[in-house]
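Okay, structure first, notes after.
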Amino acid sequence: MASLEFKDQMVPQEIQDCVKESVRATFSMILGSEPAENENQDKIGGAGVVGTISFVGDITWLLMLELPKQSAITFSNKFCGFEIDYDSPDMGDAVGELANVLAGDIVGRLSRAGIKVGMSLPTIMRGTNVEPILPKDVAKTQIGFTSPGGDFLIKLAGSRDGYHGRKPGT
C-alpha cells in the first residue's frame with residue numbers, strides 16, 4: 001500500500017479496507033462486540049450526530065462517523081462510562097472523541113503500511129440527515145455497520161484526482 005490515489009472518483013479499496021478494520025477493532029473495544037457491515041445502508045440516518053476528521057499527507061481525504069440519535073446515546077454512554085444527554089454539549093465532545101480514537105487507529109494502520117498522514121481535530125455536527133456539500137467530481141463512498149449498540153455509517157470522501165496534501169511534518 002505504498003502509493004494510493006483517488007482516481008476515477010473512486011475511494012481506493014485499500015483505504016476502505018483499512019477503515020473497516022479500524023471500525024471493527026475500535027468499536028469492538030468500546031461495545032464489547034464486533035460491528036458487522038450492514039448492506040441496508042439506506043435505512044441508517046435521520047436525526048443524529050456526525051464527527052468529521054480530515055487526513056492530510058501522502059493521501060488527502062476525510063472520514064465522517066455518522067451516529068443516529070439512539071446509536072449516539074448508546075455509544076457515548078459505553079465509551080464514557082456514564083449517561084450523556086443527547087441534547088447536551090457533552091454529546092458533541094463524546095462523538096468527537098469517538099471519531100478521534102477511530103482516526104488514530106486509522107493513522108496507525110496506514111503508517112504501518114508506509115502511508116504517512118496526519119489528522120485534524122474533529123468537527124461535530126448535529127441534525128437530521130446531515131450531509132457535507134462536496135464538489136461533484138470527488139470520490140466518495142459510505143459503509144454501513146450494525147451492532148448491538150445500534151447502526152451507524154462511515155462516509156469517506158477523497159481529494160480530487162492528482163491532489164496530494166502536505167506531508168506530515170512539512
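Is it the case that A2 is on the phi < 0 side of the Ramachandran plot and at pLDDT 95 or above?
The answer is no for A2.
Report whether or not T74 is at pLDDT 90 or above, part of a helix (DSSP H, G or I) and among the polar types (S, T, N, Q).
yes
What are the residues in region 116-140 that are modelled with pLDDT of 90 or more and of a type outside the set (G, A, S), if any?
K116, V117, M119, L121, P122, T123, I124, M125, R126
Of everything in region 111-161, what is free of Cβ contacts under 8 Å to residues at least 60 places away in the same chain and over 26 Å from A72 (Cβ atoms)? Give them in sequence order.
Of everything in region 111-161, those that are free of Cβ contacts under 8 Å to residues at least 60 places away in the same chain and over 26 Å from A72 (Cβ atoms) turn out to be S111, R112, K116, P135, K136.
Would you point out which residue out of G127, G118, G81, G149 is within 17 Å of A25 (Cβ to Cβ) and either among the small types (G, A, S) or touching a Phe, Trp or Tyr at 6+ places or on another chain (Cβ under 6 Å) (or both)?
Details: G127 fails: within 17 Å of A25 (Cβ to Cβ); G118 fails: within 17 Å of A25 (Cβ to Cβ); G81 fails: within 17 Å of A25 (Cβ to Cβ).
Only one candidate qualifies: G149.
Scan region 105-123 residue by residue and report those that are part of a loop (DSSP other than H, G, I, E, B), out of contact with any helix residue (DSSP H, G or I) (no Cβ under 6 Å at 6 or more places or on another chain) and crowded, with 17+ Cβ neighbours inside 10 Å.
Answer for region 105-123, where residues must be part of a loop (DSSP other than H, G, I, E, B), out of contact with any helix residue (DSSP H, G or I) (no Cβ under 6 Å at 6 or more places or on another chain) and crowded, with 17+ Cβ neighbours inside 10 Å: just I115.
Please work out if L102 is closer than 20 Å to M10 by Cβ and either touching a Ser or Thr at 6+ places or on another chain (Cβ under 6 Å) or acidic (D, E) (or both).
For L102, the condition - closer than 20 Å to M10 by Cβ and either touching a Ser or Thr at 6+ places or on another chain (Cβ under 6 Å) or acidic (D, E) (or both) - is not met.
Which residues, taken from region 66-104, are among the charged types (D, E, K, R), surrounded by fewer than 19 Cβ atoms within 10 Å (Cβ to Cβ) and in contact (Cβ under 8 Å) with a residue 60 or more places away in the chain?
Selection gives K78 alone.
Any idea which of (1) at pLDDT below 95; (2) under 23 Å from G92 (Cα atoms) is the one A25 doesn't satisfy?
Condition not satisfied by A25: (1).
The values are calculated or read from the model by the stated rules, or taken from the named source; none is laboratory data. Because the structure is predicted, anything quoted here is derived from the model rather than measured. Note: ideal-geometry Cβ built from the backbone for every residue, glycine included; neighbour counts use all protein chains shown.
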